[in-house]
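Colleague: Input: one structure, supplied below.
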Amino acid sequence: MQKTILNQTHRDLGARMVPFGGWEMPIHYGSQIEEHHAVRNDAGLFDVCHMTVVDIRGERAKPFLRHLLANDVDKLTQPGKALYSCMLREDGGVIDDLITYFMDEQWYRMVVNAATTEKDLAWLEKQAAPFGVEIRPRRDLGMIAVQGPNAREKTVPLLPQSLRAPAEALSPFQAVSDGDWLVARTGYTGEDGFEIMLPNEGVVGFWKALVEAGVRPCGLGARDTLRLEAGMNLYGSDMDESVTPLESGLGWTVDLRDRGRDFIGRQALEAQQAAGHLRRFTGLVLEGKGVLRNHLKLFDGEREVGGITSGGFSPTLGRAIALARIAPDAGEALTVEIRGRRLPVRLVKPPFVRHGKACIDL
Amino acid sequence: MSEIPDDLKYTSTHEWARDEGDGIVAVGITDHAQELLGDLVYVELPEVGTDLGAGAECAVVESVKAASDIYSPLDGEVVEVNETLADSPEAINEAPYEQWIFKLKMADPAQLDNLMDAAAYAAAVEAEEH
């Protein structure tokens, strides 16, 4: 089991530690629900050091990424701009979802999931060879996310002097860097905030300064309910190598506009699109009391039409919500089977919550 | 370390049972169980009148993290359920030994002696954590 540099800090804060993707991580520090509300109403911080930063450098870095990723890094024209994309197999299955930052013409930076890091790196190395680009995991960097309506205000004064003004001026999905620090206005909660990369040796001190400034430590539990409310996919639950982005609510991240761009998986996606009958990826709300869980089955009348890919209880809405994949011809009046009973669910379009506000009718 | 009152009986599946007299026993989940589960958001109560065997699944508590079955500690009939938990499952997190989930009319009060006392339960929890 790997440990992040903040492991002892979490324990000192009273965290309950659990295994996650090969890492020992905090699930909560007492109350997952209170941590969730802290991010919706004020500011919370997350240890995301288990995720892997990968630098991609070389003259052909851009053509490499245009071949590697389903989204098109050609959109990234300003240094610091970030792009969310899937990395696909030839058959369109999702190897991982990731963020790519444009640093300069010959340097891009990627952030990949913890549990997929080894296979991602192997895939990157294999695909990079013909392009002659360098793939370098940055194990020397840690990462902290600070999220919530007051997150930026509380974080800026604690940044290195040189980054304060530029960090304050960032637009969403943009980053600024200085040396080994990178501050990005991105996140996985549906709230404003930053994701910050910094040298490992500075992580504990920076974390403690944020806590001191009134930012609440939040575990993976709150991270999951926040991202679910925000309608953001979780790799391994909502999509994996057995499905394409087109059936995972991620069609918006697949850029087919440049017909000459031959990215890995393109042919498979175009064939799937041409064949039609794509399964639908949707949000669900449980009408009554209970909790929706991963893998619960969905029914249209007596016919099983799909299942929940990630479900849970929404602390903001006080209701059970889920993401689900269903047959193309499934109706709108579905039921979910919980412990042998069929309960009505309503189909809704995610997100469920953004910037502290409900986006669906209850 | 979680709280384990001396005057209750316990199961290895983390239920507590309190003798209410007249052959009635109140059943809830332990402090250790609520700590493991985290914030509770839903309780599925048994139906009054249900006959239960010792070890039968009879209720469910769900936290933000997971669903967990509650097992009947003894043979008996459900005579009362704690309806207030339907709207405030979090009350169990706040006071696990005050919030009973259901009450049983015991088929055989002697079965209470088969359950663990506080010291035995504390040892079981200790063993589970190592």
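The values are calculated or read from the model by the stated rules, or taken from the named source; none is laboratory data. Since we're looking at a predicted model, the values are computed, not measured. Counting neighbours? That spans all protein chains shown, and the Cβs are built from the backbone with ideal geometry, glycine included.
Colleague: Tell me which of these A:Leu317 doesn't satisfy, since it passes every other one: (1) surrounded by fewer than 20 Cβ atoms within 10 Å (Cβ to Cβ); (2) among the aliphatic types (A, V, I, L, M); (3) outside any loop (DSSP other than H, G, I, E, B).
Modeller: (3)
Colleague: (1) away from chain B (no Cβ under 14 Å); (2) within 25 Å of A:Leu362 (Cα to Cα); (3) crowded, with 17+ Cβ neighbours inside 10 Å; (4) touching a helix residue (DSSP H, G or I) at 6+ places or on another chain (Cβ under 9 Å): which one isn't true of A:Gly283, the others all being true?
Modeller: Among (1) away from chain B (no Cβ under 14 Å); (2) within 25 Å of A:Leu362 (Cα to Cα); (3) crowded, with 17+ Cβ neighbours inside 10 Å; (4) touching a helix residue (DSSP H, G or I) at 6+ places or on another chain (Cβ under 9 Å), the lone unmet condition for A:Gly283 is (4).
Colleague: Could you pull out the residue among A:Leu83, A:Leu45, A:Leu76 that is in contact with a strand residue (DSSP E or B) (Cβ under 6 Å, 6 or more places away or on another chain), hydrophobic (A, V, I, L, M, F, W, C) and closer than 30 Å to A:Ala213 by Cβ? Spell out the reasoning first.
Modeller: Details: A:Leu83 fails: closer than 30 Å to A:Ala213 by Cβ; A:Leu76 fails: closer than 30 Å to A:Ala213 by Cβ.
Just a single option satisfies the conditions, and that option is A:Leu45.
Colleague: Looking at the range A:104-178, what strands (runs of 3 or more DSSP E) fall wholly within it and have at least 1 residues that are basic (Lys, Arg)?
Modeller: Working: elements: A:107-112, A:134-137, A:141-147, A:175-178.
Filter on the range A:104-178 gives A:107-112, A:134-137.
Residue-by-condition table, conditions (1) outside any helix (DSSP H, G or I); (2) surrounded by fewer than 20 Cβ atoms within 10 Å (Cβ to Cβ); (3) within 14 Å of chain B (Cβ to nearest Cβ); (4) of a type in the set (Lys, Arg):
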site: A:Asn233; (1), (2), (3), (4): yes, no, no, no
site: A:Trp252; (1), (2), (3), (4): no, yes, no, no
site: A:Asp255; (1), (2), (3), (4): yes, yes, no, no
site: A:Ile264; (1), (2), (3), (4): yes, yes, no, no
site: A:Leu278; (1), (2), (3), (4): yes, yes, no, no
site: A:Lys289; (1), (2), (3), (4): yes, yes, yes, yes
site: A:Ile321; (1), (2), (3), (4): yes, no, yes, no
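Colleague: While we're looking at this one, here's another question. Among the residues of the range B:32-56, count how many are out of contact with any Phe, Trp or Tyr (no Cβ under 6 Å at 6 or more places or on another chain) and facing chain A (nearest Cβ under 10 Å).
Modeller: 8
Colleague: Kindly indicate whether A:Arg259 is within 14 Å of another protein chain (Cβ to nearest Cβ), without any contact (Cβ under 8 Å) to a residue 60 or more places away in the chain and surrounded by fewer than 20 Cβ atoms within 10 Å (Cβ to Cβ).
Modeller: The answer is no for A:Arg259.
Colleague: Given (1) surrounded by 21 or more Cβ atoms within 10 Å (Cβ to Cβ); (2) over 30 Å from A:Arg40 (Cα atoms), identify the lone condition not met by A:Arg303.
Modeller: All conditions pass for A:Arg303, except number (1).
Colleague: Let me ask another. If you go through the range A:291-311 one residue at a time, how many are of a type outside the set (Ser, Thr, Tyr) and either within 14 Å of chain B (Cβ to nearest Cβ) or in a loop (DSSP other than H, G, I, E, B) (or both)?
Modeller: Number satisfying all stated conditions: 10.
Colleague: Could I ask something else about it? Name the pairs whose Cβ atoms lie under 7 Å apart, with the first residue in the range B:110-122 and under 18 Å from B:Val25 (Cα atoms), the second in a helix (DSSP H, G or I), and 6 or more positions between them or separate chains?
Modeller: Cβ pairs passing all conditions: B:Met116/B:Ala124.
Colleague: Which residues, taken from the range A:8-66, are assigned to a strand (DSSP E or B) and within 14 Å of chain B (Cβ to nearest Cβ)?
Modeller: Listed by number, the residues that qualify are A:Arg16, A:Met17, A:Val18, A:Pro19, A:Phe20, A:Met25, A:Pro26, A:Ile27, A:His28.
Colleague: Does B:Val27 count as closer than 18 Å to A:Lys289 by Cα, modelled with pLDDT of 95 or more and surrounded by 16 or more Cβ atoms within 10 Å (Cβ to Cβ)?
Modeller: Working: closer than 18 Å to A:Lys289 by Cα: no; modelled with pLDDT of 95 or more: yes; surrounded by 16 or more Cβ atoms within 10 Å (Cβ to Cβ): yes.
No.
Colleague: Further, regarding this structure: Which of (1) more than 30 Å from B:Ser63 (Cβ to Cβ); (2) surrounded by fewer than 16 Cβ atoms within 10 Å (Cβ to Cβ); (3) of a type in the set (A, V, I, L, M, F, W, C) is the odd one out, the single condition A:Met1 does not satisfy?
Modeller: Status for A:Met1: all satisfied but (1).
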